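Peer 1: Okay, handing you the structure first.
The values are calculated or read from the model by the stated rules, or taken from the named source; none is laboratory data. Source: prediction; values computed, not measured. We place every Cβ from the backbone using ideal geometry, glycine too, and count neighbours over all the protein chains shown.
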Amino acid sequence: MSRFLFVVLPVASHLNAPLAIGQALRAAGHEVAWCGPRTDLRPLIGPDATLYPTGKRYFRLDGETGMASVRTLWEGHVLPVNRFIRDAVDRAVADHRPDVVVVDQYALVGALAAHRHGVPWATFCVGALELTPPDLPGFGDHVRAQLGRVWAMTDLPVDDAIDLRFSPYLVLGLTSTALTGATPLPARCVLTGPALGHHPDAPAFDWAAWDPSRRHVLVTVGTMAEHLARDFYRRMMAATAALADRVQVVVTASPDVLPEPPAHVLAAPRVPVLELMPRLDAVVSHGGLGTITEALAHGVPVVVAPIRHDHPTVARQVTDAGAGTEVAFASATPADLTAALTAVLDDPGYREGARRVGESFAAAGGAAAAARHLAALAARPIEHCPSGTAALA
């Protein structure tokens with residue numbers, strides 16, 4: 001059996017997939033260790049799992065869109081957190097001596113630490129921003145410049161043959177061609193579909209308030225954009241009020257964002273999403289790939305209100321697949337939102353499109369398939385070259 005070290009970032013949406021893959025690896029008899037923030041990881045991995053803590057650097061909230069949001073992502077989030085965890089990650093790789101390091105796409109110093117210590121690494125992509133890049137002027141040039149700044153955090157010579165976002169050994173894309181279509185993908189990339197597993201920290205839910213006589217809709221903007229959603233939620237409440245006789249809405253929102261939810265709405269800061277999905281009739285989402293793929297894996301059609309980063313790309317992929325429809329996050333009126341939600345609830349074509357995408361995810365294999373690819377990488381003879389090239393026998 002092989003030894004794996006996961007290097008993760010302190011963002012809830014970035015933890016679900018590696019947790020599921022780690023569970024699949026452990027079920028197959030492999031040893032799994034973790035490197036990341038103790039406060040986020042310990043409730044997920046349990047008291048006995050090996051953990052190399054990095055400490056935690058909180059992200060600044062921002063309201064940018066387009067290329068401005070990409071610049072903020074890299075300069076305000078990715079670079080500072082990599083600088084913050086660099087030494088802890090390097091020590092973890094040196095101490096644990098894994099056969100493979102499994103790295104969040106934005107935990108770039110994990111790739112550098114593996115490279116330094118002559119260990120193959122795999123990248124997992126929880127979003128679509130880098131995997132299927134947007135058509136934004138200057139995107140490629142900006143990202144390349146930021147990657148140069150990450151190399152500069154170490155004493156390693158820059159190797160232009162290595163794109164730190166994509167391992168030269170294995171890249172795990174948590175989607176399928178039913179969404180990506182014919183978009184070119186990185187070398188050595190395999191699409192496994194979403195990695196869905198057990199969430200030990202899933203919150204309780206008020207099932208007594210669940211009305212089985214009505215259809216059910218989940219409305220969520222994820223964990224990083226709630227501060228932008230107050231007006232969007234207000235419009236959604238007005239939109240769903242017109243459907244309250246037949247629809248019950250579950251909203252992930254803190255009380256300060258949605259202080260007085262109407263009677264047809266169940267609001268909570270967190271909900272057990274994977275428990276809800278089989279019971280839902282539609283999802284309204286900002287377009288985070290995790291939420292969207294969780295919904296489509298269960299054949300649930302979606303209304304996508306993209307905000308920034310990869311959200312517009314995901315929205316386009318969803319509409320191209322016939323699995324949902326898109327609305328404008330900032331400007332859709334309650335009437336627009338009612339019409340979009342009614343469409344995905346009542347037009348069977350959207351549910352059929354979601355079902356087709358879900359079948360493609362099931363065929364791709366999910367967490368079990370990702371674990372098999374990682375185990376194969378660990379078992380494969382690899383000649384690691386100091387220049388950064390990787391020859392797989």
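Peer 1: Across segment 173-222, what is the total count of residues that are aliphatic (A, V, I, L, M), more than 20 Å from Ala295 (Cα to Cα) and at pLDDT 95 or above?
Peer 2: Going residue by residue through segment 173-222, those that are aliphatic (A, V, I, L, M) are 174, 178-179, 182, 185, 187, 190-191, 195-196, 202, 204, 208-209, 217-219, 221.
Retained after the next criterion (residues that are more than 20 Å from Ala295 (Cα to Cα)): 182, 185, 187, 190, 208-209.
From what's left, at pLDDT 95 or above: 190, 208-209.
Residues flagged as aliphatic (A, V, I, L, M), more than 20 Å from Ala295 (Cα to Cα) and at pLDDT 95 or above within segment 173-222 amount to 3.
Peer 1: Here's another thing I want to ask about it. What are the residues in segment 254-264 that are in contact with a helix residue (DSSP H, G or I) (Cβ under 8 Å, 6 or more places away or on another chain) and surrounded by fewer than 22 Cβ atoms within 10 Å (Cβ to Cβ), if any?
Peer 2: Applying the first criterion (in contact with a helix residue (DSSP H, G or I) (Cβ under 8 Å, 6 or more places away or on another chain)) to segment 254-264 yields 254, 257-258, 261-262, 264.
Answer for segment 254-264, where residues must be in contact with a helix residue (DSSP H, G or I) (Cβ under 8 Å, 6 or more places away or on another chain) and surrounded by fewer than 22 Cβ atoms within 10 Å (Cβ to Cβ): Ser254, Val257, Pro261, Pro262, His264.
Peer 1: If you don't mind, there's one more thing I want to ask. Residues Gly76, Gly127: which one is touching a residue at least 40 places away in the same chain (Cβ under 8 Å) and either assigned by TED's automatic domain parsing to the domain that holds Trp34 or farther than 19 Å from Ala12 by Cα (or both)?
Peer 2: Details: Gly76 fails: touching a residue at least 40 places away in the same chain (Cβ under 8 Å).
That would be Gly127, the only listed residue that is touching a residue at least 40 places away in the same chain (Cβ under 8 Å) and either assigned by TED's automatic domain parsing to the domain that holds Trp34 or farther than 19 Å from Ala12 by Cα (or both).
Peer 1: Got a sec? Which strands (runs of 3 or more DSSP E) wholly within segment 19-119 have at least 2 residues that are within 18 Å of Val171 (Cα to Cα)? If you could, list the steps in order and put the result at the bottom.
Peer 2: On the way: elements: 31-36, 50-53, 100-104.
Here the list reads 100-104.
Peer 1: Checking Phe205 against (1) assigned to a loop (DSSP other than H, G, I, E, B); (2) touching a residue at least 60 places away in the same chain (Cβ under 8 Å); (3) within 30 Å of Gly118 (Cβ to Cβ), which test does it fail?
Peer 2: Result: Phe205 passes all but (3).
Peer 1: Any idea which residue in segment 8-67 is surrounded by the most Cβ atoms within 10 Å (Cβ to Cβ), counting only those that are hydroxyl-bearing (Ser, Thr, Tyr) and within 30 Å of Pro137 (Cα to Cα)? Don't jump to the end; show me each part of the working.
Peer 2: In the first step, residues of segment 8-67 are kept if they are hydroxyl-bearing (Ser, Thr, Tyr); the result is 13, 39, 50, 52, 54, 58, 65.
Next, only the ones that are within 30 Å of Pro137 (Cα to Cα) stay: 13, 58, 65.
On the way: Ser13: 16, Tyr58: 9, Thr65: 18.
So the residue we want is Thr65.
Peer 1: In addition: Here are Arg116, Arg188: which of them is over 25 Å from Gly322 (Cα atoms), touching a strand residue (DSSP E or B) at 6+ places or on another chain (Cβ under 8 Å) and of a type in the set (Lys, Arg)? Don't jump to the end; show me each part of the working.
Peer 2: Working: Arg116 fails: touching a strand residue (DSSP E or B) at 6+ places or on another chain (Cβ under 8 Å).
Being over 25 Å from Gly322 (Cα atoms), touching a strand residue (DSSP E or B) at 6+ places or on another chain (Cβ under 8 Å) and of a type in the set (Lys, Arg) holds for just one of Arg116, Arg188, which is Arg188.
Peer 1: Looking for something closer than 26 Å to His227 by Cβ, in the same structural domain as Thr180 (by TED's automatic domain parsing) and crowded, with 16+ Cβ neighbours inside 10 Å - is there at least one such residue anywhere in segment 85-103? Explain how you work it out, then say what you get.
Peer 2: Residues of segment 85-103 that are closer than 26 Å to His227 by Cβ, as a first pass: 85.
After this cut, where a residue has to be in the same structural domain as Thr180 (by TED's automatic domain parsing) as well, the list is 85.
If we keep only those that are crowded, with 16+ Cβ neighbours inside 10 Å too, we end up with 85.
Checked segment 85-103: at least one residue is closer than 26 Å to His227 by Cβ, in the same structural domain as Thr180 (by TED's automatic domain parsing) and crowded, with 16+ Cβ neighbours inside 10 Å.
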